[in-house]
Amino acid sequence: MHSCLIVDDSKVIRKVARRILEDFSFDIDEAGDGQQALDRCGSAMPDVILLDWNMPVMGGLQFLQNLRARPAEKRPTVIFCTTENDMEHIRAAMDAGADEYIMKPFDREIIKAKLEQVGLI
Amino acid sequence: MTAPASPFPRPAARCAAAGAAPALRPVTAAPPRSFPVYADLCARYSGLKFSEEKSYLLEARLSAIMRREGCADLDALAAALAKDPSRLEPDIAEALLNNETFFFRDRAPFDELQASVLPRLKAARSAERRLRIWSAACSTGQEPYSLSMMFAEERASWHGWGIEILGTDLSRSALTRARSGLYTQFEVQRGLSTHRLLQHFTKEGERWRLKNDIRSRVRFLPRNLMHPLPGGECFDIIFARNVLMYFGRERKAEVLARLRTALAPDGVIILGAAETLFGFQDLFRPAAGSRGYYSPTLDITRTAICPDSRGTVHPARGEHRESPIAFPTPNQRV
Ligand SMILES: C[S@@+](CC[C@H](N)C(=O)[O-])C[C@H]1O[C@@H](n2cnc3c(N)ncnc32)[C@H](O)[C@@H]1O
């Protein structure tokens with residue numbers, strides 16, 4: 001079973017994403033901002049991180065830069081999942097080390113397609 | 001085509017009166033009385049086998065046409081169809097088709113192509129340096145464009161080759177969308193990696209446009225697989241995915257026999273993930289090691305058309321034939 005950390009400041013989005021990912025047999029943990037997510041990764045590194053862009057305290061891009069700069073045994077797959085849908089944001093995310101990028105609104109089909117894309121299902 | 005007589009007592013004028021919303025039906029409603037009209041139209045026009053259990057799809061797929069024609073329900077639309085078949089038949093038959101598709105669908109066939117089929121054909125065609133690929137029910141274009149992206153990504157290794165990709169479909173509206181190369185956010189997120197999205201698309205408003213180098217390798221033509229082929233065509237690879245499954249056995253046999261005449265003896269035909277050619281072993285045999293890939297069985301009569309005498313076969317007089325491919329430049333260089 002793969003583990004997934006859902007990082008989003010919206011409780012509703014976390015709940016929707018959790019429901020979809022649990023259907024694909026992922027173990028889920030949640031964080032409401034980038035700082036919380038870094039703390040979670042410090043204690044247990046997930047296999048995949050679903051990451052929002054705009055969040056209080058620490059945004060998604062900054063979290064990702066921090067995460068990739070950190071020495072770690074395991075390199076988690078990071079999939080951005082955000083309403084930012086222009087090429088500049090997408091490029092910046094990929095340059096910072098994201099593996100995939102989902103433009104909201106998402107649904108089951110898109111989550112499935114992207115998880116297949118990164119070889120997790 | 002002759003107009004089928006209307007089996008409905010209601011006058012067609014009913015249509016004009018119908019701005020009113022159609023009455024709500026229970027989900028388990030019996031097929032409308034006009035069901036046989038639609039089933040017959042599909043069988044004749046596209047070959048689609050429309051069973052009664054699927055009759056619930058009629059209302060959803062025809063709602064836009066019903067609104068446009070001012071028809072309150074399916075029976076009223078059937079009556080309008082009887083009055084003006086030449087205008088309404090294509091619209092209705094096409095609206096009833098399933099156009100579902102996505103980029104790099106099922107992935108495996110594309111990986112297989114890259115890993116074994118293309119290297120083999122590349123060696124076999126090294127003298128003429130030309131490859132012809134046909135996506136025989138391409139819908140809105142994702143399948144032929146996925147192929148075009150693959151060739152673009154291997155540009156250096158295909159340098160100097162003429163790569164021709166033909167996409168055909170019965171649905172005119174699907175082809176219009178295919179030609180535009182414009183896709184929604186939803187469509188570009190299914191099957192396409194973000195890496196490919198950035199490499200091959202530009203953003204236009206809320207939609208995504210494929211770049212010219214990907215589009216220019218693909219030609220689109222309307223073509224109904226129920227009709228004889230133009231003749232004189234020879235393809236190295238034919239994609240016929242997720243279309244044969246809509247035909248009944250007889251139609252499937254006809255279409256397969258037709259596709260075979262347009263396939264090079266050492267070419268391959270590729271079916272959808274859930275499809276097989278079980279029962280058609282006289283025409284095709286599974287290609288070794290590749291799921292969903294089939295090669296033609298040997299047939300000496302066939303070589304008269306393919307590959308030697310391209311362009312020399314003419315349709316019999318009076319027979320309707322689809323138009324042959326017309327690539328503006330004989331060799332579209334990668
Ligand atoms: C489900 S889509 C498959 C698209 C693509 N090949 C794929 O696998 O993703 C089926 C397509 O077949 C087309 N089609 C159905 N009957 C046809 C016929 N008789 N001649 C040509 N195309 C047909 C439909 O218009 C539709 O676009």
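The values are calculated or read from the model by the stated rules, or taken from the named source; none is laboratory data. Every value quoted in this text rests on a predicted model; they were computed, and no experiment measured them. Heads up, the Cβs are rebuilt from the backbone with ideal geometry, glycines too, and the neighbour counts pull from every protein chain shown. When the accessible area is computed, the model is the full protein with side chains, heavy atoms only, and any ligands, DNA or RNA have been set aside. Shrake-Rupley method; radii C 1.70, N 1.55, O 1.52, S 1.80 Å.
Brief remarks on what is shown
- Qualifying residue in the stretch B:165-180 (condition: β-branched (Val, Ile, Thr), surrounded by fewer than 16 Cβ atoms within 10 Å (Cβ to Cβ) and more than 14 Å from chain A (Cβ to nearest Cβ)): yes
- Against the test of being at negative phi, surrounded by fewer than 18 Cβ atoms within 10 Å (Cβ to Cβ) and either of a type in the set (Phe, Trp, Tyr) or within 16 Å of the ligand (Cβ to nearest atom) (or both), the options B:Glu233, B:Glu250, B:Glu154 yield a single qualifying residue, B:Glu250.
- Criterion: among the small types (Gly, Ala, Ser), under 22 Å from A:Met103 (Cα atoms) and surrounded by 21 or more Cβ atoms within 10 Å (Cβ to Cβ) - qualifying residue of B:Ser193, B:Ser146, B:Ser139: B:Ser146
- Against the test of being touching a residue at least 12 places away in the same chain (Cβ under 8 Å), out of contact with any Ser or Thr (no Cβ under 8 Å at 6 or more places or on another chain), open to solvent by less than 10 Å² (accessible area, probe 1.4 Å) and of a type in the set (A, V, I, L, M), the options B:Leu57, B:Leu48, B:Leu62, B:Leu77 yield a single qualifying residue, B:Leu62.
- When restricted to residues that are open to solvent by 10 Å² or more (accessible area, probe 1.4 Å) and not in a loop (DSSP other than H, G, I, E, B), the stretch B:208-217 contains 4.
- Test result for B:Asn224, within 15 Å of the ligand (Cβ to nearest atom), at positive phi, not β-branched (Val, Ile, Thr) and not in a strand (DSSP E or B): no
- Scanning the stretch A:98-116 for residues that are under 12 Å from the mean Cα position of the chain (by Cα) and more than 9 Å from every other protein chain (Cβ to nearest Cβ) returns A:Ile111, A:Leu115.
- Out of B:Arg207, B:Arg190, sole residue that is over 19 Å from B:Phe239 (Cα atoms) and within 11 Å of the ligand (Cβ to nearest atom): B:Arg190
- Condition met for B:Asp91 (of a type in the set (D, E, K, R), within 15 Å of the ligand (Cβ to nearest atom) and touching a residue at least 24 places away in the same chain (Cβ under 8 Å)): yes
- Qualifying residue in the stretch B:100-113 (condition: open to solvent by less than 10 Å² (accessible area, probe 1.4 Å), under 30 Å from A:Glu116 (Cα atoms), assigned by TED's automatic domain parsing to the domain that holds B:Gly267 and away from the ligand (no atom under 13 Å from the Cβ)): yes
- Screening the stretch B:119-147 for residues that are part of a helix (DSSP H, G or I) and more than 16 Å from the ligand (Cβ to nearest atom) and picking the one that is nearest to the other protein chains (Cβ to nearest Cβ) gives B:Pro119.
- Check on B:Ser55, away from the ligand (no atom under 11 Å from the Cβ) and farther than 30 Å from B:Arg132 by Cα: yes
- Unmet requirement for B:Ser116, which otherwise passes all of (1) within 12 Å of the ligand (Cβ to nearest atom); (2) at pLDDT below 95: (1)
- One residue stands out in the stretch B:236-246 among those that are within 16 Å of the ligand (Cβ to nearest atom) and not in a loop (DSSP other than H, G, I, E, B): the one that is most open to solvent (accessible area, probe 1.4 Å), namely B:Met245.
- Residue count, the stretch B:32-44 (criterion: open to solvent by less than 40 Å² (accessible area, probe 1.4 Å) and within 16 Å of the ligand (Cβ to nearest atom)): 4
- Hits in the stretch A:52-105 - residues which are out of contact with any Ser or Thr (no Cβ under 7 Å at 6 or more places or on another chain), assigned to a helix (DSSP H, G or I) and open to solvent by 20 Å² or more (accessible area, probe 1.4 Å): A:Leu61, A:Gln62, A:Gln65, A:Asn66, A:Arg68, A:Ala69, A:Met87, A:Glu88, A:His89, A:Arg91, A:Ala92, A:Asp95
- Enumeration of residues in the stretch B:119-177 that are over 30 Å from B:Ala93 (Cβ atoms), in contact with a strand residue (DSSP E or B) (Cβ under 7 Å, 6 or more places away or on another chain) and of a type in the set (A, V, I, L, M, F, W, C): B:Leu121, B:Ala124, B:Leu131, B:Phe151, B:Trp161, B:Ile163
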